[in-house]
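See below for the structure under consideration.
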Amino acid sequence: MIESELKIFEGKFKEAVNSNVPLLDRVMQYMVKRKGKQLRPMFVFLSAKLCGTINETTYRAASLVEILHTATLVHDDVVDDAPERRGFFSVYALWKNKVSVLVGDYLLAKGLLLSLDNNDFRILQLLSEAVRKMSEGELLQMEKSRSLNLDEQVYYEIIRAKTASLLASACAAGAWSTTGDEGQTDKMRAFGDAVGMAFQIKDDLFDYTADNVGKPTGNDIKEKKLTLPLIYTLNNVDKQTRKELIYIIKNQNTRKDKVARVIDVVNQSGGIQYTINKMNAYKQDALTILHTFPPSPIRDGLEELVNFVSDRKY
């Protein structure tokens, strides 16, 4: 459905991030070769096609989304001290702090110029808003993980800012690029927001279920990240168990046996099923919005992507 558009996009994206500085060019080539699923550009193109006809503005919107997403990942790896990204060495692991921060800054500047040079002001506005929210979400999560805040609404606020905002803006930018219509743009933003919420909740489930790597990872517990399965559990177990779990998260979060104990309690308490139900509710919200559009192969394609988000094994 969008195979030819994605091929053209790859060329345009490489062009958009190329540089005259050899070091920067090496880093960019390394990153472009190890690109991820490219879900966000897919959502840009499908949203654009659902509402109209793909044009040069759409390609720039998809490039901007991917540039901003890549910039935040490079900075995230510095923040998280992460040696790997998508199964390969991260930019941070190979080139360390200074280069990583400057590469992220360079990408942000390239993204701004791509839009400004082409007068794509509305698209730049939509996506800059997402980057602001992503930074706020990260900082809010850091603040709350220190105090082990157990509020479910705060969790939704964090994931809406950290993850859903960029997907919502990607869908909105796609719609705007082919229609210039605020109503359609808002509708697709709401669709992307619901998909993004389902996507992040699915991600958080991987820590407690064996779907993706054959065994739960417990990484969020080690990082003292309170995600929905754990928040539900802490709010629904007896006082003694709650006290034990909080003690483990605060003081024993690097011990495998103790992390396994937390995962067991989460599984036994209904935390997994509760989280799956919430994920499916967001997925249903997305499909309800999608079905306000007339049936078409593009609508079917977006529906497949929504299903992939909640059914994926990685």
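The values are calculated or read from the model by the stated rules, or taken from the named source; none is laboratory data. Because the structure is predicted, anything quoted here is derived from the model rather than measured. As a convention, Cβ positions derive from the backbone with ideal geometry for all residues, glycine included, and neighbour counts pool all protein chains shown. Heads up: the accessible areas ignore ligands, DNA and RNA and are worked out on the full protein's heavy atoms, side chains in. Shrake-Rupley method; radii C 1.70, N 1.55, O 1.52, S 1.80 Å.
Tabulated values for the structure
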| quantity | calculated |
| --- | --- |
| Residue in the stretch 233-242 that is at pLDDT below 95 and closer than 30 Å to Ile298 by Cβ present | no |
| In the stretch 266-283, the residues that are free of Cβ contacts under 8 Å to residues at least 40 places away in the same chain and open to solvent by less than 60 Å² (accessible area, probe 1.4 Å) | Ser269, Gly270, Ala281 |
| Residue within the stretch 174-187 that is within 14 Å of the chain's Cα centre (by Cα) and surrounded by fewer than 23 Cβ atoms within 10 Å (Cβ to Cβ) present | no |
| Selected residue (only one of Leu68, Leu64, Leu73, Leu6 is hydrophobic (A, V, I, L, M, F, W, C), in contact with a strand residue (DSSP E or B) (Cβ under 7 Å, 6 or more places away or on another chain) and closer than 30 Å to Thr185 by Cβ) | Leu73 |
| Filter result (in a loop (DSSP other than H, G, I, E, B) and either closer than 16 Å to Gly104 by Cβ or without any contact (Cβ under 8 Å) to a residue 40 or more places away in the chain (or both)) within the stretch 1-29 | Asn18, Ser19, Asn20, Val21 |
| Boolean, Ile263 is at pLDDT 95 or above, on the phi < 0 side of the Ramachandran plot, assigned to a helix (DSSP H, G or I) and open to solvent by less than 80 Å² (accessible area, probe 1.4 Å) | no |
| Residue identified as within 24 Å of the chain's Cα centre (by Cα) and open to solvent by less than 20 Å² (accessible area, probe 1.4 Å) among Leu245, Leu228, Leu234 | Leu228 |
| Subset of the stretch 266-314 (residues that are assigned to a loop (DSSP other than H, G, I, E, B) and of a type in the set (S, T, N, Q)) | Thr292, Ser296 |
| Whichever residue in the stretch 1-34 is among the acidic types (Asp, Glu) and open to solvent by 40 Å² or more (accessible area, probe 1.4 Å) and, among such residues, is nearest to Glu304 (Cα to Cα) | Glu3 |
| Filter pass, Val103 being modelled with pLDDT of 90 or more, over 27 Å from Lys224 (Cα atoms), surrounded by 15 or more Cβ atoms within 10 Å (Cβ to Cβ) and of a type outside the set (Ser, Thr, Tyr) | yes |
